[in-house]
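**Q** The structure under discussion is supplied below as structure tokens; questions concerning it will follow.
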Amino acid sequence: MALIASAMDNTAEGGLIILDGDKTDGVESVIKTLRYHVALEGSYSKAHGKLVWFIRPLRPPNIDEWRPKPAHLENGFTTVPGIFSADGADRGSRLLAETLPELSGKVADLGAGWGYLSRHILLSPDVVRLDLIEADHTALEMAKVNVPDQRAVFKWTDAREVEGSYDVVVTNPPFHTSRQPDPVIGQAFLKRAAAILQPKGEAWIVANRNLPYEQTLGRVFKDVDTVLQQNGYKIFRARKPKTANA
């Protein structure tokens, strides 16, 4: 409902709003609630998905109650419901933050979320710029709150498609888009990390120990070390990308 509220905020009166979702993720319940507030123009269902559309009314319903209420976490972090790990940093990110050395140069945080790792990265004074790259707009807006550092640059884009040239890439790649794990997503992050690194650049990666990332890392980096295995996670340091920026 929070996304629908945002859509109404950003759509002109009479504009078309389209809602698409997976039935297994509860879209039917969302649509049922929506019907009480707006007249749906149409709907379409196929497989596990459902699509509906409606015209933004002249006087939209009171949507303030649809907006997520910020949660204030330890160490001054702020999140909102609906984004990944909204209740606090996940164990993998915490482990990577504890393991990272002092970094330097231009750094990218692929899949930065609400900024937990990014704030830790910027504790290194020799980091001259940090690009927070995140596809979830709401999470990125929270990152702007959590990382008030002039060296931070916020990029709303898919990390698998980002361009650039970096000295260091840090990432805790996502490994599912639904309830089922999908290592292909994380593997795409690793390939993109190699593609955007300088020839002498390095990547720091945390992953669930059951995810098969070793082969992918070996294909795109010349030097791969497993720095740590702990609490069901593994941390890699990958250097000398084979597809690096010249």
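**Q** Answer with yes or no whether V27 is of a type in the set (A, V, I, L, M, F, W, C), at pLDDT 85 or above and touching an Asp or Glu at 6+ places or on another chain (Cβ under 9 Å). Lay out the reasoning, then the answer.
**A** Numbers: of a type in the set (A, V, I, L, M, F, W, C): yes; at pLDDT 85 or above: yes; touching an Asp or Glu at 6+ places or on another chain (Cβ under 9 Å): yes.
Here the answer is yes, as V27 does meet what is asked.
**Q** I've got another one for you. Taking the conditions exactly as written (outside any loop (DSSP other than H, G, I, E, B) and either crowded, with 21+ Cβ neighbours inside 10 Å or out of contact with any strand residue (DSSP E or B) (no Cβ under 7 Å at 6 or more places or on another chain) (or both)), does A143 satisfy them or not? Please lay out each step first, then the result.
**A** Numbers: outside any loop (DSSP other than H, G, I, E, B): yes; either crowded, with 21+ Cβ neighbours inside 10 Å or out of contact with any strand residue (DSSP E or B) (no Cβ under 7 Å at 6 or more places or on another chain) (or both): yes.
So A143 passes the test.
**Q** Any chance the range 180-194 includes a residue that's part of a loop (DSSP other than H, G, I, E, B) and small (G, A, S)?
**A** Filtering the range 180-194 down to residues part of a loop (DSSP other than H, G, I, E, B) leaves 180-182.
Then drop every residue that is not small (G, A, S), which leaves none.
Checking the range 180-194: not a single residue is part of a loop (DSSP other than H, G, I, E, B) and small (G, A, S).
**Q** Where residues in the range 80-105 are in contact with a helix residue (DSSP H, G or I) (Cβ under 7 Å, 6 or more places away or on another chain) and in contact (Cβ under 8 Å) with a residue 40 or more places away in the chain, which of them is farthest from L123 (Cα to Cα)? Please lay out each step first, then the result.
**A** Pass one, the range 80-105, residues in contact with a helix residue (DSSP H, G or I) (Cβ under 7 Å, 6 or more places away or on another chain): 80, 82-84, 89, 93, 96-97, 100, 103.
So of that shortlist, the ones also in contact (Cβ under 8 Å) with a residue 40 or more places away in the chain come out as 80, 82-84, 93, 96, 100, 103.
Values: V80: 24, G82: 28, I83: 24, F84: 23, S93: 15, L96: 14, L100: 11, L103: 9 Å.
Per the stated criteria, the residue is G82.
**Q** Residues to consider are S29, S45; find the one that is assigned to a strand (DSSP E or B), over 30 Å from N146 (Cα atoms) and over 24 Å from the mean Cα position of the chain (by Cα).
**A** Working: S29 fails: assigned to a strand (DSSP E or B).
After applying the criteria, what remains is S45.
**Q** Starting from the range 39-52, take each residue that is under 10 Å from L19 (Cα atoms) and list its partners that are in a strand (DSSP E or B) and among the polar types (S, T, N, Q), counting only C-beta distances under 9 angstrom and pairs at least six apart or across chains.
**A** These pairs meet every condition: K50/S43; L51/S43; L51/S45; V52/S43.
**Q** Scan the range 4-25 and report the pairs whose first residue is under 19 Å from Y36 (Cα atoms) and among the small types (G, A, S) and whose second residue is modelled with pLDDT under 85 and part of a helix (DSSP H, G or I), with Cβ atoms within less than 6 Å and a gap of 6+ or a chain change.
**A** A5/W66
The values are calculated or read from the model by the stated rules, or taken from the named source; none is laboratory data. Remember, it's a predicted structure, so these values are computed and weren't measured experimentally. No Cβ is skipped: glycine too gets one built from the backbone with ideal geometry, and neighbour counts run over all protein chains shown.
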